[in-house]
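Okay, so here's the structure we're looking at.
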């Protein structure tokens, strides 16, 4: 199987797994505000939302259906059909849940951009080698879809870095300290014991804060830098998102961002025709 398509399959599987974790680890009250009369974001789309398709009384059943769709997407069976179902689940979640965060939005956008690509995929599963040569039209469509994801990733990291510059706490290096002690997203107790002495060092906190800004800005250049440097950015990006998971939780955010990083930095659209 072509290595580029293997990366694509891994990225899609990770994104499916990220939303799978959210659904499997949280109940309907947490996800959809059941105690507040379904206080979800876009009630005008309720009739099209997979979670509300059969009404409020069957939301648990439809949640199980959505989980099943994500399992099939993770496995990669019949990608041209399951991609539409996966897109429906991600769209439904960001338009129905009251607990969405950046990782959920990234998951939806990536799958949206990849949908045309998988709609022309006639394999039995996405881990299987393509039968015969891919037509020029299909290759160009695949390149276009992948480049959309790459551009989106560059924008995400650029905005993440530059958007912090007007915030005084990021410029003076104290922002990481406030995140570490945040009552909701702060360090878990076992890490607080380790980092508490280091947090008393202004230089250490300044270094950590500016490391984030520099790394995010560096990641924004991933669309234009030479391929030989991309693996280093990829390692840095993985390290940053794993640290966010370790320090603040949010495993689904980490998985979604690793998924987009794989497409952004590991897939070379000039090598799609190679057979490995």
Quick one: residue 36 ticks every box in (1) modelled with pLDDT under 80; (2) surrounded by 14 or more Cβ atoms within 10 Å (Cβ to Cβ) except a single one, so which number is it? (2)
Restricting the first residue to region 7-24 and requiring it to be at negative phi and touching a residue at least 60 places away in the same chain (Cβ under 8 Å), which pairs with a second residue that is surrounded by fewer than 20 Cβ atoms within 10 Å (Cβ to Cβ) and outside any helix (DSSP H, G or I) meet a Cβ separation below 7 Å and a spacing of at least six or different chains? 9/127
May I ask you to list pairs of residues, at least six apart or on different chains, whose Cβ atoms are under 8 Å apart, with the first in region 47-70 being farther than 21 Å from residue 81 by Cα and the second being at pLDDT 90 or above and surrounded by fewer than 15 Cβ atoms within 10 Å (Cβ to Cβ)? 54/61
Farther than 29 Å from residue 19 by Cβ, assigned to a helix (DSSP H, G or I) and either touching a residue at least 24 places away in the same chain (Cβ under 8 Å) or touching a strand residue (DSSP E or B) at 6+ places or on another chain (Cβ under 6 Å) (or both): is that true of residue 254 in this structure? no
If we ask which residues in region 85-108 are over 17 Å from residue 20 (Cβ atoms) and surrounded by 15 or more Cβ atoms within 10 Å (Cβ to Cβ), their number turns out to be 2
Considering each residue of region 197-223, count those that are outside any helix (DSSP H, G or I) and free of Cβ contacts under 8 Å to residues at least 12 places away in the same chain, and give that number. 2
Got a number for residues in region 114-141 being part of a helix (DSSP H, G or I) and touching a helix residue (DSSP H, G or I) at 6+ places or on another chain (Cβ under 7 Å)? 7
Is at least one residue of region 181-196 outside any helix (DSSP H, G or I), surrounded by 19 or more Cβ atoms within 10 Å (Cβ to Cβ) and in contact with a helix residue (DSSP H, G or I) (Cβ under 6 Å, 6 or more places away or on another chain)? yes
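The values are calculated or read from the model by the stated rules, or taken from the named source; none is laboratory data. Since the structure is predicted, the reported quantities are computational estimates derived from the model, not experimental observations. Positions of Cβ are backbone-derived with ideal geometry, glycine not excepted, and every protein chain shown enters the neighbour counts.
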